[in-house]
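Novice: Shown below is the structure under consideration.
Throughout, read-outs are computed from the coordinates displayed, never taken from laboratory work. As the structure is a prediction and not an experimental result, all values here were calculated from the model. Neighbour counts are summed over all protein chains in view; Cβ atoms, including those assigned to glycine, are modelled from backbone coordinates with ideal geometry.
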Amino acid sequence: MRSTSYTSPEMNNQPAKIEFQTALRVVMMPRDANNYGSIFGGVILSYIDQAGYIEARKHGTHRWVTASLDRVDFKAPVHVGDVVSFLTQTESTGRSSVKVRVRVESERYATGDVVHVTDAHMTMVAVNAAGKSIPFNSAPTVGDFSDGTSCG
Ligand SMILES: CC(C)(COP(=O)(O)OP(=O)(O)OC[C@H]1O[C@@H](n2cnc3c(N)ncnc32)[C@H](O)[C@@H]1OP(=O)(O)O)[C@@H](O)C(=O)NCCC(=O)NCCS
């Protein structure tokens with residue numbers, strides 16, 4: 001799994017290393033594209049959501065829901081055939097919530113060049129089967145259980 005250090009662009013006066021882990025790498029297919037050959041923004045948002053879940057799950061094996069997704073600005077297009085990486089980092093944690101940063105990079109099909117597509121900030125919340133928030137550091141609430149029942 002790739003681990004990458006970046007200097008946060010918001011912290012130019014105070015350079016700080018931020019560690020990202022690769023949550024997902026996906027090849028973009030024609031079904032995800034408009035008639036110009038570029039990928040729908042909503043497809044990228046969907047993968048950002050999945051990447052956020054993958055990062056949140058590191059904090060506990062629960063149902064995780066997306067409570068919020070901040071504004072997402074697309075700085076470069078993604079094209080059919082590009083290999084898109086969704087890199088994640090936990091920014092902060094609360095009782096039941098985890099704030100996750102997702103960085104999206106696209107490796108161009110034709111050249112292999114890597115471009116920065118967007119960054120997203122999201123809040124994931126651990127919930128029980130009734131949808132009520134639970135402390136994410138509690139025992140796993142999904143999976144197989146010793147009495148033979150299965151939940152989630
Ligand atoms: C997310 C959700 C469980 C929060 O419910 P709630 O009644 O506000 O829960 P709580 O008051 O116990 O708050 C739980 C945590 O969520 C955080 N939270 C709630 N709403 C939030 C929001 N809009 N943005 C960021 N964090 C939020 C709270 O700060 C709290 O964090 P903490 O426990 O780490 O301190 C509820 O709003 C929900 O189920 N939303 C739908 C989620 C969903 O289905 N997403 C996919 C949409 S298709």
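Novice: Go through (1) surrounded by fewer than 22 Cβ atoms within 10 Å (Cβ to Cβ); (2) more than 16 Å from the ligand (Cβ to nearest atom); (3) in contact (Cβ under 8 Å) with a residue 40 or more places away in the chain one by one and return the number of the condition residue 59 breaks.
Specialist: Against the list (1) surrounded by fewer than 22 Cβ atoms within 10 Å (Cβ to Cβ); (2) more than 16 Å from the ligand (Cβ to nearest atom); (3) in contact (Cβ under 8 Å) with a residue 40 or more places away in the chain, residue 59 comes up short only on (2).
Novice: Would you mention how many residues in region 16-46 are of a type in the set (Phe, Trp, Tyr) and touching a residue at least 40 places away in the same chain (Cβ under 8 Å)?
Specialist: 1
Novice: Kindly provide the set of residues from region 92-119 that are surrounded by 14 or more Cβ atoms within 10 Å (Cβ to Cβ), more than 12 Å from the ligand (Cβ to nearest atom) and farther than 18 Å from residue 38 by Cβ, ordered by number.
Specialist: 101, 102, 103, 119
Novice: All but one of (1) in contact (Cβ under 8 Å) with a residue 40 or more places away in the chain; (2) loosely packed, with under 14 Cβ neighbours inside 10 Å; (3) among the hydrophobic types (A, V, I, L, M, F, W, C) hold for residue 86; which doesn't?
Specialist: Failing condition for residue 86: (2).
Novice: Could you tell me whether region 144-152 includes any residue that is aromatic (Phe, Trp, Tyr), more than 11 Å from the ligand (Cβ to nearest atom) and closer than 22 Å to residue 43 by Cα?
Specialist: Looking through region 144-152, none of the residues is aromatic (Phe, Trp, Tyr), more than 11 Å from the ligand (Cβ to nearest atom) and closer than 22 Å to residue 43 by Cα.
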